[in-house]
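Encoded as structure tokens, the structure appears first; notes follow it.
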Amino acid sequence: MKKKRLVLVLVLAVAIVTALIVAIIFTNHNSVQTGNPSRRDESGQNLNDEDLSAVDGSNNFADPSDSPIYSSEGKSSPFLEGSIIGEANNPISENVETVRRIVIPEAVTIFDGDNVGFYANEDFKDVVPSDVSSFSDTDLPARYDSRNYEGRCYVTEVEDQGYTYLCWSYAAIGAIESDILKHYSDISYKDLDLSEKHLAYYNVHKQEDTVNNGIKDDYRELVNADNVEGAWIFDYDTNYVAVGGVNDFCISLLTAWKGPVTEADNDAFQAIYGSEYLFKNNTSLPSNAYNSEYHIQDVIEVCASEENISLVKQMVMEHGAASIGVNADSKFWSKNKGSLYSYFDGKIPPTANHEVLIVGWDDDYSASNFSSKPKADGAWICKNSWGEVSGKDGFFYLSYYDETAGISNAAAYSAVRPGAKGWYDNNYQVAGFITNVSSTLDDAENYVVIYSSSRNPYGVIFEAKGNESLKAFGLMAIDSYQQYEAEIYLNPVMDDDKLSFSDLGEPFYTQKVSAIGGGYHTFDLSRSISLEEGDKFFILIKPATSGRLVMEEAGDTVSQANYDEWNNLTGNFHNCYTASGQSYYISDDGNAMEAQSDKDFFIKAYTTNG
């Protein structure tokens with residue numbers, strides 16, 4: 001009898017568990033999605049449309065303690081340390097290093113290079129790093145604030161991202177605005193307002209007209225891959241407002257000269273609140289992608305670790321601001337949202353879910369002001385994108401020892417306006433996007449492909465579209481303290497998609513270059529090179545320091561469907577990246593540079609007309 005009762009109990013238990021599992025699956029499939037923790041109301045609970053319908057955001061809670069908030073934990077990415085996919089080459093020469101193809105998270109952390117070896121390298125003792133001005137202020141004050149420094153303000157007005165997922169766009173645009181104010185004294189912070197909409201739109205839209213056409217076949221877009229009925233957002237083409245992002249998105253877009261533009265007319269949002277207003281009121285198409293009023297020529301990045309606090313301070317003093325990733329979960333904020341300190345106690349890896357802007361610092365800001373106490377005093381002064389009701393007039397303090405910021409990159413931008421030194425007419429490029437995107441919010445599903453560290457040469461060949469002068473070249477680095485020798489060859493001899501060193505002969509031009517920070521760097525040539533229409537020029541990069549190599553890997557993929565928190569289909573990401581055949585990597589025998597049929601490298605060339 002006891003056995004029968006036991007069997008009956010077990011059967012009932014299994015049935016109950018099965019029913020619960022089915023119910024959970026059904027509920028998760030049909031419920032609204034959890035919210036974006038980077039949004040102004042930081043709402044992660046399930047909300048009805050009417051709860052979010054106020055176009056002015058009046059239903060929001062100015063104090064998060066008044067709101068029944070669900071706080072989403074930062075997710076651990078399977079790519080956090082990098083996943084080795086396989087060997088990328090099979091060297092048979094001692095002059096070629098073995099490299100591996102590695103997949104890493106979309107928010108690429110800049111690795112600290114060998115700063116001692118960087119400055120001790122005799123071959124580069126006379127080479128001035130291209131970003132030296134970003135790190136030149138050694139006499140750092142205990143407190144600095146770009147909002148009021150020597151009587152000037154280098155920070156634009158606080159903005160409100162509303163219910164959009166576009167904190168990344170607001171942070172990057174804010175950083176660019178601060179750099180412009182720092183370097184063009186005739187512009188006032190009251191008169192400068194660049195468009196976050198323009199940047200966000202072209203993140204997921206194809207643009208037919210391109211600068212020199214090198215990346216016209218590289219694009220990503222949101223599609224209704226399964227022909228889901230009732231996907232009304234597609235009627236308005238505004239699903240881009242529900243796409244979260246990272247600074248890599250901004251580097252890809254802005255160094256391609258896709259913006260920035262002034263926020264006006266169709267380049268301005270008409271609504272940022274209300275589920276229907278958000279999607280239905282922003283249907284106006286922004287201006288052409290390449291109507292850039294400024295050229296972004298450099299994006300300086302360093303990991304904002306404790307060891308790099310001085311470097312970040314130097315960047316902020318030179319550029320006015322630097323964007324940074326944080327974890328915006330409610331439990332890490334002080335009650336009035338005036339201070340933020342994320343601490344995970346080793347339980348899960350810190351993961352950023354929001355981008356903000358560092359505009360200053362205070363070494364004496366007390367550790368006791370945070371929700372939990374950091375190990376020491378000191379904090380960054382940060383500008384948020386949640387409107388002036390958040391924190392102190394839209395600003396807050398971020399601990400120097402915040403665990404999320406400590407593994408995130410601080411990024412500062414260098415913007416050039418027409419007529420200024422460093423303004424070029426043409427941007428030759430072959431790689432369009434750093435990141436492969438699958439999810440609107442989950443970083444664990446979005447990734448970047450790189451080669452492991454080496455000194456192996458790589459390069460790109462271009463063809464002049466007119467009679468021009470080659471003035472500069474640029475490249476992307478994901479490690480700091482890097483040194484390179486650049487060689488430029490004119491009209492090289494091709495042999496079955498190879499450029500053999502014996503045929504290349506002596507380069508037309510050589511130059512040693514270096515950079516302290518990671519990110520995207522432009523290197524001015526010490527003398528210009530005259531090009532005639534049809535001339536081919538090969539830029540060969542020979543790293544003098546070991547570093548990882550980022551690439552755009554060719555592919556045509558469609559992700560699973562993404563939904564917003566109202567359970568509206570925002571779409572499947574269609575990533576279409578085409579290899580140009582113009583990128584080259586060292587052959588296994590070390591005798592030639594081989595054309596790559598499945599990837600492109602982030603090398604650009606800049607020319608002026610005439």
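Throughout, read-outs are computed from the coordinates displayed, never taken from laboratory work. The structure displayed is predicted, hence computed values, not measured ones. Here Cβ is always computed from backbone atoms with ideal geometry, including for glycine, and neighbour counts include all displayed protein chains.
Overview of results
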read-out	value
Prolate/oblate/rounded label for the stretch 252-343 (Cα gyration tensor, a/c 1.5)	oblate
Trypsin sites (Lys or Arg not before Pro) within the stretch 476-571, DSSP loop, no more than 15 other Cβ atoms inside 10 Å	none
Difference of contour (0.36 nm per residue) and Cα-Cα distance, S185 to F501	108.9 nm
Contact order normalised by residue count of the stretch 83-609, Cα under 8 Å, 6+ apart, percent	21
Estimated FRET transfer efficiency when R0 is 22 angstrom, pair R143-K373 (beta carbons, to 0.05)	0.60
In Å, descending, principal axis extents of the Cα set of the stretch 459-610	61, 38, 37
Set of lysines with alpha-carbon distance to K280 below 18 Å, sequence-local pairs under 8 removed	K197
Cα pair distances in the stretch 83-174, grouped into 5 Å bins until the bin that holds the longest one, percent each	2, 8, 8, 11, 12, 15, 15, 11, 7, 6, 3, 1, 0
Net +/- balance of residues flanking D265 in space, Cβ distance below 15 Å, scoring K and R +1, D and E -1	-4
Equivalent ellipsoid semi-axes - Cα gyration tensor, the stretch 286-409, angstrom	26, 17, 15
Filtered trypsin sites (Lys or Arg not before Pro), the stretch 246-346: DSSP coil and at most 13 other beta carbons within 10 Å	K335
Net lengthening on full extension, A420/A225 (0.36 nm per residue, minus Cα-Cα)	65.6 nm
Distance between the stretch 136-206 and the stretch 557-591 - C-alpha centres, whole angstrom	29
Pairwise label distance in nanometres, D126 with N90, each label 7 Å out on the Cα-Cβ vector	4.5
Shape call, the stretch 558-610: gyration tensor on alpha carbons, a/c limit 1.5	oblate
Angle in degrees between helix 309-319 and the longest Cα principal axis of the chain, rounded to the nearest 10	70
Value of D in µm² per second that Stokes-Einstein yields for the chain, Kirkwood Rh from Cα pairs, at 10 °C (1.306 mPa s)	63
Violating pairs (Cα-Cα greater than 20 angstrom) within the set K512/K536; K512/K542; K337/K373	K512/K536
Estimated inter-spin distance, D237 and N115, nm [label 7 Å along Cα→Cβ]	4.8
Principal-axis tilt of helix 167-183 within the chain, Cα atoms, nearest 10 degrees	50
Neighbour count of at most 15 Cβ within 10 Å plus DSSP loop: longest GluC sites (Glu not before Pro)-free window in the chain	389-531
Three-way shape call for the stretch 420-500 based on the alpha-carbon gyration tensor, with the a/c threshold at 1.5	prolate
